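Here the structure is laid out as structure tokens; the discussion comes afterwards.
The values are calculated or read from the model by the stated rules, or taken from the named source; none is laboratory data. Just so you know, these numbers come straight off a predicted model, no measurement behind them. Here the Cβ positions follow ideal geometry from the backbone for every residue, glycine too, while neighbour counts run over all protein chains shown. Quick note on the areas: whole protein, heavy atoms, side chains included, nothing else; ligands and nucleic acids left out. Shrake-Rupley method; radii C 1.70, N 1.55, O 1.52, S 1.80 Å.
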Amino acid sequence: MRRSPFLLPRPGRPFGLLVLAVALVVALVGPRLPGRPATSDEAGRSTATIVAGEDEAPPPWVWPTGTRKVVRPFEAPADDYSAGHRGIDLASPLGASAVAVADGTVSFAGQVAGRAVVTIDHGEGLVSTLDSVDPSVTTGDTVRQGTLVGVVSVGHCPAPDPCVHLGARVDGHYVDPLGFLSPAAWPVLLPESAWPG
């Protein structure tokens, strides 16, 4: 059987030189292989740095009620003053528990235009709002993810089809909250007593 000259050392040719040659080729050709290029953004950070930071993202939000049924999705407005739906509506029975989607500080708990609202500042410009939730917390309270913040009430949705409106803002701009929520782990509805938050 014939030996490959590239894999096995031959007399007079040290195997170390072959390994060194392969390492040199990989070092020279590697940056040109397909993949995500290391570019710079306007702040001067490399894309590789930004991507590494994304891997260290905080854990996703928990769903604020025992349901993950979205009855109306986010509809981005054309501008800050245009019509749209600045959040998602989650079907939820009246009186159901509503929890904080993530750690933060309650920045508002009270009535807005006749509807009960709880707003939580999560830091770094991220804010969540639960509309149609009678608060059990007060402004300034520190809450942990999954902490009870109130109960579902009539407001954003009509009484026959109650819901909780979950809004999300980043630096004052409304964004789709689904991007922060964990996906359903399984397509099975759990009894409310088994709901972890």
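If ligands, DNA and RNA are left out, what is the accessible area of Thr138 with a 1.4 Å probe, given in Å² to the nearest 10?
80
Note the full-extension length gain between Ser136 and Val170 as 0.36 nm times their separation in residues minus their Cα-Cα distance, in nm to one decimal.
9.8 nm
Would you list Asp121, Asp161 from the most to the least accessible area, probe 1.4 Å?
Reading off the accessible areas and sorting them downward yields Asp161, Asp121.
Whole-Hz Karplus ³J(HN,Hα) for segment 168-174, in order, using 6.51 cos²θ - 1.76 cosθ + 1.60 and θ = phi - 60°, x for Gly and Pro?
For segment 168-174, the Karplus-derived couplings read 9, 10, 10, 6, x, 10, 6 Hz, x marking Gly and Pro.
Mind checking the full-extension length gain between Arg72 and Val154? Use 0.36 nm per residue of separation minus the Cα-Cα distance, one decimal, nm.
27.9 nm
So what J values fall out for segment 130-144 if you push phi through Karplus, 6.51 cos²θ - 1.76 cosθ + 1.60 with θ = phi - 60°, rounded to Hz, Gly and Pro as x?
10, 9, 6, 10, 5, x, 10, 10, 10, 4, x, 5, 8, 10, 9
With every protein chain left in place, what is the accessible area of His156 in Å² (1.4 Å probe, nearest 10)?
50
With each pseudo-label sitting 7 Å past Cα toward Cβ, what's the Leu178-Asp121 distance in nm, one decimal?
3.0
PRE reach from Arg144 (point 7 Å along Cα→Cβ): which of segment 97-116 fall under 20 Å by backbone N?
Within reach of a label on Arg144, which here means backbone N under 20 Å from a point 7 Å along Cα→Cβ, segment 97-116 contributes 97-107.
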